[in-house]
Structures are given as structure tokens and as C-alpha cells.
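Take a look at the structure set out below.
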Amino acid sequence: MTPEEQNVALLRPLYAAWNDTKGASFGAFLEIIADDVDWRSLADGGVGMDFTRSGRTKGDVERYFEGLGRDWEMLHYVIDDYVAQGDRVVALGRCGFRHRRTGRVVETDKADVVRIRDGRIVSFFEYYDTAGVDAATRD
């Protein structure tokens, strides 16, 4: 198995469990996150998405997942394709979340760019429809 195939094999079951448990399985991600991770989101802590501030530690990432679960109910999170080159894997898919306060649903394409070193996630950056997310959080 190539290093790229190993990296995809590491992520594939995590994403499947993330979808199957509707976001309750984030502990599996925490187990393979490096202590010095670079965790970022396109929203970058914007209004209504405070939990998406950049993170540097496992604790920061845990707070990200807790904030996501507190504010949003996952409807689905499906990865359609994995593209791997070197130490990077891009997971391309789609997801749906309902904002717990407003009840509004966001359906968006999703791209996660993950860098893996020695079987650990060392960086993560997620791309999605921030305008749709912003609209869903407003009263």
C-alpha cells in the first residue's frame, strides 16, 4: 500500500463513523490528531460560528467539535471522493446541518484538506458554503 493509500485508509473509517453517528464519534478524530495540530475552518470564528476559530492543540479541536455539536445537528456528512498526494488528502463530499437555535438547514458541498504525518493529522482546513451557514444562524 502506498503512503497515499495508507492516509486515505486512515481517514475513510473516521468519516464513515462521523456520518453514521451524526457527529457523535469525534473522539476517533481526536485519537489521531497530533499534539501540535493546525486546525482551521473557512468561517474562522465568524459571527455565529465562534467554535471555528483556529486551533493549535487537541483541546482546541475538542472545543471545535463540542461547539459544532452544541450549535448544529448533523443530518448527513458524506465523502464522495478522496484525492491524495504526498502527505495530503482532500476529502470531497457534501453535508447537511440544522442550526439548533433557528431550525434552519444548510446543505453544502464540503472539502476538507488534511495533512498527515506519521499516522497523525497535523493540519486540517475545511471549505464549505459560509454564506449559507451565516444565513442559517441569523434570526
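Derivation of every value follows stated rules applied to the coordinates shown; laboratory data play no part. Small disclaimer: the values here were computed from a predicted structure and weren't measured. Here Cβ is always computed from backbone atoms with ideal geometry, including for glycine, and neighbour counts include all displayed protein chains.
Number of residues in the range 13-34 that are surrounded by fewer than 19 Cβ atoms within 10 Å (Cβ to Cβ) and in contact with a Ser or Thr (Cβ under 7 Å, 6 or more places away or on another chain): the value is 1.
So is residue 78 of a type in the set (A, V, I, L, M), surrounded by fewer than 17 Cβ atoms within 10 Å (Cβ to Cβ) and more than 15 Å from residue 23 (Cβ to Cβ) or not? Write out each step before concluding.
Numbers: of a type in the set (A, V, I, L, M): yes; surrounded by fewer than 17 Cβ atoms within 10 Å (Cβ to Cβ): yes; more than 15 Å from residue 23 (Cβ to Cβ): no.
So residue 78 does not fit the description; no.
Each residue in the range 96-111 was checked for being without any contact (Cβ under 8 Å) to a residue 24 or more places away in the chain and either under 18 Å from residue 15 (Cα atoms) or part of a strand (DSSP E or B) (or both), and 3 pass.
Take the residues in the range 81-110 that are aliphatic (A, V, I, L, M) and surrounded by fewer than 18 Cβ atoms within 10 Å (Cβ to Cβ), then tell me which one is nearest to residue 33 (Cα to Cα). In this case the residue turns out to be 90.
Scanning the range 124-139 finds one or more residues that are of a type outside the set (A, V, I, L, M, F, W, C), out of contact with any Phe, Trp or Tyr (no Cβ under 9 Å at 6 or more places or on another chain), over 17 Å from residue 42 (Cβ atoms) and exposed (fewer than 15 other Cβ atoms within 10 Å of the Cβ).
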